[in-house]
1. Among the residues of the range 165-208, which ones are aliphatic (A, V, I, L, M), buried (at least 16 other Cβ atoms within 10 Å of the Cβ) and either without any contact (Cβ under 8 Å) to a residue 24 or more places away in the chain or in a strand (DSSP E or B) (or both)?
2. So in the range 62-90, with the set limited to residues that are part of a strand (DSSP E or B), out of contact with any Phe, Trp or Tyr (no Cβ under 7 Å at 6 or more places or on another chain) and small (Gly, Ala, Ser), which one is farthest from SER149 (Cα to Cα)?
3. Can you confirm whether GLN165 is closer than 29 Å to TYR232 by Cα and either among the hydroxyl-bearing types (Ser, Thr, Tyr) or modelled with pLDDT under 95 (or both)?
4. What's the total number of residues in the range 167-188 that are small (Gly, Ala, Ser) and out of contact with any strand residue (DSSP E or B) (no Cβ under 8 Å at 6 or more places or on another chain)?
5. For the range 124-131, state whether one or more residues are under 25 Å from ILE73 (Cβ atoms) and assigned to a helix (DSSP H, G or I).
6. Listed residues ASP54, ASP152, ASP92, ASP68; which is more than 24 Å from MET224 (Cβ to Cβ), charged (D, E, K, R) and buried (at least 18 other Cβ atoms within 10 Å of the Cβ)?
7. Residues of the range 7-60 being among the β-branched types (Val, Ile, Thr), within 22 Å of ILE222 (Cβ to Cβ) and out of contact with any Pro (no Cβ under 7 Å at 6 or more places or on another chain), which ones?
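The values are calculated or read from the model by the stated rules, or taken from the named source; none is laboratory data. Since we're looking at a predicted model, the values are computed, not measured. Here the Cβ positions follow ideal geometry from the backbone for every residue, glycine too, while neighbour counts run over all protein chains shown.
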Amino acid sequence: MPLQFDIPTILRQKAPKAHVPHFVVRYLERITHVQQMNAFLRKYPDLRGYEFIDKVISEELGCSASIDGLENIPTDNEPVIFVSNHPLGGLDGMIIAKMIHESRPKELKVIVNELLMFMEPIASLWAPVSKTGALSKAQAAEQQRMWESETDVLTFPAGACSRLQRIEGKWQIQDLEWQKNCIQRAKEYHRNIVPIYFEGRNSTFFYVLALLRKWLHIKLNIEMLYLVDEMYGAHGKHFKVHVLPPIPYTTFDNTKTPKAWAQHLKNIVYGTNYISC
């Protein structure tokens with residue numbers, strides 16, 4: 001029997017004690033495009049990994065991407081950390097992973113929210129983390145093996161997709177604060193960092209909803225429920241990806257704290273690149 005996405009099953013696994021009304025389940029099924037995704041899975045039941053990603057991007061979503069700075073992707077076998085801004089919250093990760101794989105055909109793990117492990121056809125590409133930062137013993141052991149191996153890692157240091165923010169007196173779409181984990185891992189495992197800037201944005205609805213949630217002091221990340229809808233809303237779009245020159249891990253010395261280096265890295269990725277609203 002082919003894999004199918006099933007919202008009630010996912011809810012039971014992630015929130016076994018919660019009673020979710022039937023109409024809420026139906027709404028979640030609509031905004032997560034369950035019928036469309038299941039139709040795609042029935043059409044390609046045997047696709048896995050990058051073949052699956054390629055079909056999702058090119059056929060299901062009709063998207064394309066062009067790459068600037070491809071020469072900055074290392075050609076040697078030394079494991080590196082790719083870091084990127086996160087404007088879309090899902091599609092950008094698939095496009096970047098596919099781009100890296102085509103230029104550097106070695107094992108790559110993408111650090112993602114553990115909810116994406118439900119995407120079984122590409123789950124082998126993911127390194128899951130929870131939003132609370134807590135890892136199970138098995139997950140922690142797997143990540144330890146990943147960092148000690150020759151596997152490349154792609155991470156989004158903001159830990160969430162970009163939001164509309166007031167920056168330098170202007171409303172801009174930009175990542176939230178970047179976390180220091182990528183700097184710590186670069187230093188600990190002697191991995192150079194390859195910065196990536198991805199041009200893109202979600203809908204105005206997404207950003208307004210995020211601002212409203214914050215204004216109402218609602219902790220639950222409601223807007224995250226709409227990321228699949230945002231992905232389907234990107235149908236037919238063309239994206240530009242910029243790969244910047246690698247930064248040696250020795251750059252991240254003790255003249256700055258890991259947190260300050262993470263902010264410095266974010267500034268390098270963005271430069272003057274931002275989306276004003």
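1. The answer is ILE173, ILE193, VAL194, ILE196.
2. In the first step, residues of the range 62-90 are kept if they are part of a strand (DSSP E or B); the result is 64-68, 81-84.
Narrowing further to those that are out of contact with any Phe, Trp or Tyr (no Cβ under 7 Å at 6 or more places or on another chain): 64, 66-68, 81-83.
Retained after the next criterion (residues that are small (Gly, Ala, Ser)): 64, 66.
Numbers: SER64: 32, SER66: 30 Å.
Only one residue fits best here, namely SER64.
3. On the way: closer than 29 Å to TYR232 by Cα: yes; either among the hydroxyl-bearing types (Ser, Thr, Tyr) or modelled with pLDDT under 95 (or both): yes.
So GLN165 fits the description; yes.
4. Filtering the range 167-188 down to residues small (Gly, Ala, Ser) leaves 169, 186.
Those left that are additionally out of contact with any strand residue (DSSP E or B) (no Cβ under 8 Å at 6 or more places or on another chain): 169.
Number of matching residues: 1.
5. Taking every residue of the range 124-131 in turn, at least one turns out to be under 25 Å from ILE73 (Cβ atoms) and assigned to a helix (DSSP H, G or I).
6. Numbers: ASP54 fails: buried (at least 18 other Cβ atoms within 10 Å of the Cβ); ASP92 fails: more than 24 Å from MET224 (Cβ to Cβ); ASP68 fails: buried (at least 18 other Cβ atoms within 10 Å of the Cβ).
Exactly one of ASP54, ASP152, ASP92, ASP68 is more than 24 Å from MET224 (Cβ to Cβ), charged (D, E, K, R) and buried (at least 18 other Cβ atoms within 10 Å of the Cβ), namely ASP152.
7. As a first pass, look at the range 7-60 and keep what is among the β-branched types (Val, Ile, Thr): 7, 9-10, 20, 24-25, 31-32, 34, 53, 56-57.
Applying the additional criterion that residues be within 22 Å of ILE222 (Cβ to Cβ) yields 7, 9-10, 20, 24-25, 31-32, 34.
Selection gives ILE7, THR9, ILE10, VAL20, VAL24, ILE31, THR32, VAL34.
Conditions tested, residue by residue: (1) in contact (Cβ under 8 Å) with a residue 24 or more places away in the chain; (2) not assigned by TED's automatic domain parsing to the domain that holds ASN267.
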| residue | (1), (2) |
| --- | --- |
| HIS22 | no, yes |
| ASN38 | yes, yes |
| ARG42 | yes, yes |
| PHE82 | yes, no |
| GLY89 | yes, no |
| ASP92 | yes, no |
| ALA97 | yes, no |
| GLU107 | yes, no |
